[in-house]
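Trainee: A single structure is presented below for examination.
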Amino acid sequence: MSLSRYSRQSSLREIGVEGQKKLSASKVAVVGLGALGSVSAELLARAGIGHLKLIDRDFLELNNLQRQVMYDEEDLKLNLPKAVAALAKLKKINSEISIQAEVADLNGSTIEELLGDAHLIIDGTDNFETRFLINDFSLFKKIPWVYGGAVGVEGMTYVVLPGERPCLRCVFREMPRPEEVQTCDLMGILAPVSHIVASLQVMEAMKFLAGKKEAVDKKLRTINLWTRESRGISVEDLRNNPCEGCAKQDYPYLRTQQGTKAVSLCGRNAVQIVNYSHDKLDFKQLFEKLHGVMKVEYNQYLLKCEWGDFEMTVFPNGRAIIKGTEDLGQAKSIYAKYVGA
Ligand SMILES: [Zn+2]
């Protein structure tokens, strides 16, 4: 580790040379590389976090460039998955750390492999299904995680230190239903909001990783950048009324899923299909099959095809995102017809 690279932060009393060494020995996983995760990942790489794992299941779209400063038009032209584009950028920013990219869906079957060795997890996701999964895993493995949410002009953060303070399930109790949750896709988002929320998340992560756990924010933090109001909500009292995960070590969100699963991607008029039984797909073969029937192109990371009002992106492990429908049944039948059940 070259200390001079980090001199502006290791010279701080709050971090110090010892703190910097701890950051260099840390393993952090960033789940989701969109508005929040791409900013977090860059700050962590520049700060010299020694081992970064970048996890994202999606590919780049033009509307990402308004806020996701990691990416550019060239990445978009190359049809790159976010994790792959982010890896290339971060390697140029800091070649002294180890960075790993995973184009993968985080779920009950993949979470151990993807997050099992992390010292801390950063939430860059956009949905509560994944957050509740991360929360259960965090309690089960005693790995801290930093929740972050940003939509419209508002954001929220909270640090979960398992066993030491209330977890996200203690705070929210039930997983909010999709129709109750405001999303960026429906509501829009301003870039300064996601940048501030990601910065708050990384700040708390750095305190913890540098060995300054006592400085980590204990409150649920909310901020509205339009009205400039911010609040810190104490959740200490929830320790008297813990969730089932904290009280009884019950982790329902971790139970492994099997078979094909279809999930509507809220607000995007798209459905994701995950097929847990697929072997690695042969894109060349799939290209031959679909070529002639529709417009198809592929690279080593994904195969993209378009016909009528539909667009389907398929990843090597058989996962697919089908645009043009929110009907799970229709999406499953499209998948079965063109990719194979
Ligand atoms: Zn809890």
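Trainee: Alpha carbon centre of the stretch 276-322 versus the stretch 100-135: separation in Å?
Mentor: 25 Å
Trainee: Taking 0.36 nm per residue of sequence separation and subtracting the Cα-Cα distance, how much length would be gained by fully extending the chain between residue 61 and residue 306, in nm to one decimal? Walk me through the numbers on the way to the answer.
Mentor: Numbers: separation 245, 0.36 × 245 = 88.20 nm, distance 1.52 nm.
Length gained between residue 61 and residue 306: 86.7 nm.
Trainee: Which far-off residues, 5 or more places away or on another chain, put their amide H under 5 Å from the one on residue 108, with H placed in the peptide plane?
Mentor: Result for residue 108 returns 257.
Trainee: Something else: With equal scatterers on the alpha carbons only and no solvent term, can you work out the Debye log10 of I(q)/I(0) for the stretch 260-338 at 0.18, 0.27 1/Å?
Mentor: Listed by q, the Debye log ratios stand at -0.68, -1.42.
Trainee: Same structure again: For 145, 226, 307, what's the fewest-to-most ordering of other Cβ within 10 Å of each Cβ?
Mentor: Numbers: 145 28, 226 10, 307 15.
Least crowded to most crowded, the residues run 226, 307, 145.
Trainee: Another question about this same structure. Once you have the alpha carbon radius of gyration of the stretch 75-210, what is it after dividing by 2.2 N^0.38 Å, with N set to its residue count? Walk me through the intermediate numbers first.
Mentor: Working: Rg = 15.6 Å, N = 136, 2.2 N^0.38 = 14.2 Å.
In units of the 2.2 N^0.38 Å rule of thumb, it is 1.10.
Trainee: For residue 187 and residue 239, FRET efficiency with R0 = 41 Å and r from the beta-carbon atoms, rounded to 0.05?
Mentor: 0.80
Trainee: Cα-Cα over 25 Å: which of 295/332; 27/218; 91/213? Please report the intermediate quantities before stating the final value.
Mentor: Working: 295/332 20 Å; 27/218 22 Å; 91/213 29 Å.
Exceeds cut-off: 91/213.
Trainee: Eigenvalues of the Cα gyration tensor times 5, then square-rooted: what semi-axes does that give for the chain, in whole angstrom, largest first?
Mentor: Numbers: eigenvalues 228, 112, 72 Å².
Taking √(5λ) for each Cα gyration eigenvalue gives 34, 24, 19 Å.
Trainee: So how do 126, 309 line up by other beta-carbon neighbours within 10 Å, fewest first? All intermediate terms of the calculation are to be shown ahead of the outcome.
Mentor: Details: 126 24, 309 9.
Arranged by neighbour count, lowest to highest, 126, 309 become 309, 126.
Trainee: Oh, and also: Take 95, 7, 40 and order them by how many other Cβ atoms sit within 10 Å, fewest up front.
Mentor: On the way: 95 8, 7 12, 40 30.
So the ranking, lowest neighbour count to highest, is 95, 7, 40.
Trainee: Moving to a separate point now. When the dipole is taken about the Cα centre of the chain, and only Lys, Arg (+1) and Asp, Glu (-1) are charged at their Cβ, what size is it in debye, to the nearest 20?
Mentor: Here the size comes out at about 940 debye.
Trainee: For helix 191-209, report the angle its Cα long axis makes with the longest principal axis of the Cα atoms of the chain; keep it between 0 and 90° and round to the nearest 10°.
Mentor: Taking Cα atoms only, the helix is inclined about 60 degrees.
Trainee: Count the DSSP beta bridges whose two residues both fall in the chain, then state the antiparallel fraction as a percent rounded to the nearest 5.
Mentor: Restricted to the chain, the bridges split so that about 70 percent are antiparallel.
Trainee: Find how many whole Å separate the alpha carbon centroid of the stretch 33-54 from the alpha carbon centroid of the stretch 59-77.
Mentor: Between the Cα centres of the stretch 59-77 and the stretch 33-54 lies a distance of 16 Å.
Trainee: Kirkwood Rh, the stretch 208-341, all Cα pairs: how many Å? Present the calculation step by step, with values, prior to reporting the outcome.
Mentor: On the way: mean 1/r = 0.0531 Å⁻¹.
After inverting the mean inverse Cα-Cα distance, the result is 18.8 Å.
No value in this document is a laboratory result; all are computed from the given coordinates. Remember, it's a predicted structure, so these values are computed and weren't measured experimentally. Neighbour counts run over all protein chains shown; Cβ positions are idealised from the backbone, glycine included.
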